[in-house]
Amino acid sequence: MSPYTAGIRTRHVGTLAAIATLAVLAALSLTAAAARAAATLPSVSTGSAGEVTFDSATLHGALTPHGSDTSYYFQFGLTGAYGSQTTIADAGAGTTNVNVALPITGLQPLTVYHYRLVAVNAAGAATGKDKTLLTTKIPLSLQILTSPNPVLYGGTITVQGALSGTENAGREVVLQANQFPFTAGFQNVAVNPELTTATGGFSFLLPGLTQVTQFRVVTSTSPPVISPVATENVAVQVTGHLGRAARRHFARVYGTVTPAENGMKVAILRIAHGHGVLVGGTVLVHATATSSRFSRAVPVKAGVYRVLVQVTNGAQVSNYSQPLLIR
């Protein structure tokens with residue numbers, strides 16, 4: 001066979017292969033077209049929105065796949081143009097009605113949202129009617145703190161906090177207290193109610209605290225919003241002094257405690273490397289109707305000393321004196 005004849009035969013085989021490929025593609029195209037023609041668009045109905053909160057909801061609907069594999073999702077947004085959609089889920093290929101639901105999150109409070117159900121199968125996409133939902137308010141909530149904590153006996157504290165949630169500005173809030181031993185229950189404190197600021201903040205100033213006290217803040221709304229309880233500790237006031245002792249290398253440590261805490265233990269500590277080392281102890285004795293006193297000679301050397309009064313009655317808490325310096 002001449003080279004010329006071989007070339008013709010090669011081109012002829014290539015042409016036949018190309019024609020065969022085109023025939024296969026055409027057949028596949030016809031098959032796909034036939035499948036599309038055989039498929040029926042899903043029937044779609046947008047349902048209600050459930051479990052609606054200030055930032056989320058669950059969208060419901062129903063669809064019929066009509067025997068073709070069908071997927072579905074919800075479109076949603078601030079207008080009928082939507083702009084967002086849920087994840088895509090599978091509804092199967094059945095011939096009966098299927099109830100479907102998908103969650104949406106990241107919504108804004110007190111806002112109207114449009115949504116609709118979309119179902120897709122081999123015949124194309126079908127959409128349900130547009131519906132709307134209204135998100136709820138952010139629930140009001142309260143948080144408070146007291147400072148300083150502890151406060152010295154008879155001192156002044158601040159109870160401050162914030163009311164969070166929708167429409168939290170300009171709300172009346174009331175301070176309530178429950179003093180040790182916490183059996184009387186919470187009662188309104190004799191200070192004027194406060195109105196929350198534009199950002200929901202508020203602050204109460206309370207002087208003359210003498211016992212460990214639980215505080216909470218309550219709104220005047222119906223139903224009321226109640227803050228968690230904040231416990232304010234009241235520390236005894238301890239005054240300490242240094243005096244001469246009869247023995248060498250000893251000093252007398254003495255002072256008073258307010259209020260009277262007769263019988264409570266007193267520890268005299270030398271501060272070494274940030275820790276207190278016990279060098280002596282005693283108990284409080286009567287001084288006046290409102291105070292107790294202590295005095296004890298202890299061995300000393302140059303350094304810093306403090307007095308710790310250990311209170312266990314529950315109405316007040318333990319406290320240290322100011323540092324005492326021995327040179």
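Extent of the stretch 62-136 along each principal axis, from alpha carbon coordinates, in Å, largest to smallest?
Computed over the stretch 62-136, the largest-to-smallest principal extents equal 41, 19, 18 Å.
Among (i) 20.1, 71; (ii) 40.5, 137; (iii) 18.4, 52, only one was calculated for this model; which label is it, if the read-out is Rg and Dmax of the Cα atoms in Å?
(ii)
Looking at the stretch 246-315, which trypsin sites (Lys or Arg not before Pro) are in a loop (DSSP not H, G, I, E or B) and have at most 14 other Cβ atoms within 10 Å?
Passing sites in the stretch 246-315 are R247, R248, K301.
At 4 °C and 1.567 mPa s, grab the translational diffusion coefficient of the stretch 136-219 from Stokes-Einstein with a Kirkwood Rh over Cα pairs, rounded to a whole number in µm² per second.
96 µm²/s
Would you compute, from DSSP H runs of 4+ residues alone, the mean residue ellipticity of the chain at 222 nm, taking -39500 (n - 2.57) per run and dividing by the full residue count, rounded to the nearest 500?
Helices in the chain give a 222 nm mean residue ellipticity of -4000 deg cm²/dmol.
Quick check: with the 1.4 Å probe, what order do H286, H273, H114 take by accessible area, largest first?
Most to least solvent-accessible, the answer reads H273, H286, H114.
Rounded to whole Hz and in sequence order, give me ³J(HN,Hα) for the stretch 144-153 from the Karplus expression 6.51 cos²θ - 1.76 cosθ + 1.60, θ = phi - 60°, writing x for Gly and Pro.
Per residue, the Karplus-derived 3J(HN,Hα) values read 9, 8, 10, 8, x, 9, x, 10, 5, 3 Hz.
Roughly speaking, to the nearest percent, how much of the stretch 171-327's 1.4 Å accessible area is carbon and sulfur?
54 percent
Given a 1.4 Å probe and heavy atoms of the protein chains only, how would you sort F76, F215, F54, largest accessible area at the top?
Largest to smallest exposure gives the sequence F54, F76, F215.
What's the Cα-based Rg to Rh of the stretch 45-191, Rh via Kirkwood?
With Rg and the Kirkwood Rh in hand, the quotient comes to 1.31.
Helix 3-38 sits at what angle to the longest principal axis of the chain, using alpha carbons and giving 0 to 90 degrees rounded to 10?
That helix lies at roughly 60 degrees to the long axis.
As I understand it, the dipole of the chain uses +1 on the Cβ of Lys and Arg and -1 on the Cβ of Asp and Glu, about the Cα centre. Which of A184, V307, A162 lies farthest toward its positive end?
V307
With θ set to phi - 60°, apply the Karplus curve 6.51 cos²θ - 1.76 cosθ + 1.60 along the stretch 182-187 and write out the HN-Hα couplings as whole Hz, x wherever there is a Gly or Pro.
Each residue of the stretch 182-187 in turn: 6, 9, 7, x, 6, 10 Hz.
Calculate, for the stretch 78-134, the solvent-accessible area per residue in square angstrom, rolling a 1.4 angstrom probe over the heavy atoms of the protein chains.
Accessible area per residue, the stretch 78-134: 56 Å².
Show the residues, 5+ positions off or on another chain, whose built amide H is closer than 5 Å to the amide H of V98.
L63, T64
In debye to the nearest 20, how big a dipole does the stretch 208-327 give about its Cα centre with +1 on each Lys and Arg Cβ and -1 on each Asp and Glu Cβ?
Taking the Cα centre of the stretch 208-327 as origin, the dipole is about 820 debye.
Leaving out ligands and nucleic acids, note down the accessible area per residue over the stretch 212-327 with a 1.4 angstrom probe, in whole Å².
Here the per-residue accessible area is 53 Å².
For the stretch 58-149, what % of the accessible area comes from carbon and sulfur atoms, probe 1.4 Å?
Roughly 54 percent of what the probe reaches on the stretch 58-149 is carbon or sulfur.
The values are calculated or read from the model by the stated rules, or taken from the named source; none is laboratory data. Small disclaimer: the values here were computed from a predicted structure and weren't measured. Cβ sites come from the backbone with ideal geometry, for glycine too, and all protein chains shown count toward neighbours. Just the protein is used for accessible areas: all its heavy atoms, side chains included, with ligands, DNA and RNA removed. Shrake-Rupley method; radii C 1.70, N 1.55, O 1.52, S 1.80 Å.
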